[in-house]
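In what follows, a single structure is set out as structure tokens and then discussed.
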Amino acid sequence: MKNERENSIEFIPVEAEDLPEFRKLLQESFAIAVIESFGDKSEGPIPPDEVIQESFNANDAETYHILCNDKKVGGVVLRINNETHHNKMDWFFLSPAHSGSGISFATWKAIEAKYPTTQVWELVTPYFEKRNIHFYVNKCGFRIVEFFNTYHSDSHGHQRGGEKDEQMPHRKEFFRFEKVMNAE
């Protein structure tokens, strides 16, 4: 296992013809946590194709393959606002083979370095994803700033999946995280 200092991270833009395979790998990665928490569900891809496609098509989206030591290990979809410098991570995944290798943290640090003018980073993650919550709060320095649930709905489009969410309990509750970057 490599530690964070030995992981050389690069971002390669995802081309239009790569998007179907990228989406498939993202869905395979995300499905693992849902299956571990809720059992094998036959509700279709997790997250749904149309939700991922919406992120790909956003005007401010930047979609990258993540390479570690010249090997493709995952991907990320970022939303970069060059006016407000309030940026979002829509999707971040690694191949399950790289779990616990330090690549996630090295990738996050590389994202911060790639976007040094960011004032605030934002992301959402499901309540049941304890590994994600640990990673973002304890390793990366994010803070949980909002909890979407039946008592507090998301009126700003942070949750994904639309009407389909109402039938799937694992998609109803999300945390919104923020990381305020140090002022230079």
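The values are calculated or read from the model by the stated rules, or taken from the named source; none is laboratory data. Computed from a predicted structure; not experimentally measured. Because the Cβ atoms are built from the backbone with ideal geometry, glycine has one as well, and the counts that use them run over all protein chains shown.
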Original post:
Which one is surrounded by the most Cβ atoms within 10 Å (Cβ to Cβ) among residues in region 139-166 that are at pLDDT 95 or above and charged (D, E, K, R)?
Top reply: 139
Original post:
Can you tell which of 120, 124, 51, 73 is buried (at least 17 other Cβ atoms within 10 Å of the Cβ), more than 23 Å from residue 15 (Cα to Cα) and aliphatic (A, V, I, L, M)?
Top reply: 124
Original post:
Does any residue in region 115-138 that is more than 22 Å from residue 34 (Cα to Cα) and at pLDDT 95 or above come within less than 9 Å, Cβ to Cβ, of a residue that is of a type in the set (Gly, Ala, Ser) and not in a helix (DSSP H, G or I) six or more places away or on a different chain, and which pairs are these?
Top reply: 119/183
Original post:
Of all residues in region 48-76, which are aliphatic (A, V, I, L, M), free of Cβ contacts under 8 Å to residues at least 40 places away in the same chain and not in a helix (DSSP H, G or I)?
Top reply: 58, 61, 73
Original post:
Cβ-Cβ below 8 Å, separation at least six or inter-chain, first residue in region 82-103 and more than 17 Å from residue 9 (Cα to Cα) and acidic (Asp, Glu), second crowded, with 19+ Cβ neighbours inside 10 Å and at pLDDT 95 or above: which pairs?
Top reply: 90/77; 90/78; 90/123
**OP:** Run residue 106 past the list (1) within 20 Å of residue 6 (Cβ to Cβ); (2) of a type in the set (Gly, Ala, Ser); (3) modelled with pLDDT under 95; (4) surrounded by 13 or more Cβ atoms within 10 Å (Cβ to Cβ) and report the number of the one that doesn't hold.
**Re:** (3)
Subject >> Scan of region 1-30 for residues that are modelled with pLDDT of 80 or more, in a helix (DSSP H, G or I) and surrounded by 14 or more Cβ atoms within 10 Å (Cβ to Cβ), ordered by number >> reply: 18, 19, 22, 23, 25, 26, 27, 28, 29, 30
**OP:** Look through region 100-137, keep the residues that are part of a helix (DSSP H, G or I) and β-branched (Val, Ile, Thr), and return whichever of them is nearest to residue 47 (Cα to Cα).
**Re:** 133
